[in-house]
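Working notes, structure below.
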Amino acid sequence: MGIIVEPDDAAALGEGIRSALKINLENIRHNARNYAKKFLAKDPILKNWETKLFRLTGIASMPTRRPEVSLSFKAESHPVLDNSLID
């Protein structure tokens, strides 16, 4: 869990800091990182919010349909790329 001290107790805070300097903090670091990834990362928070929203609205899941996008064009129909304007 970490190092816990009584609130509003300067002596306990000092002892907690001295304790932290003496022990191996690797396990605490590992737990803190896992907690942050699980509860503070953007993706899990948004996924949880999305799930609750879908449950409230009765929608099963996010629609998978993608909008159609056309990326093709013809150079001869573009006024800057039309060779007849350059000649």
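A short reminder: the numbers here are calculations on the coordinates, not readings from a lab. In this text the structure is predicted, and so the values were computed from the model without any measurement. Neighbour counts are summed over all protein chains in view; Cβ atoms, including those assigned to glycine, are modelled from backbone coordinates with ideal geometry.
The figures follow:
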read-out	value
Virtual spin-label span in nm between Lys38 and Ile3, 7 Å along Cα→Cβ	2.3
Residues Ala11 and Phe54, FRET efficiency given R0 of 41 Å [Cβ-Cβ distance, rounded to 0.05]	0.20
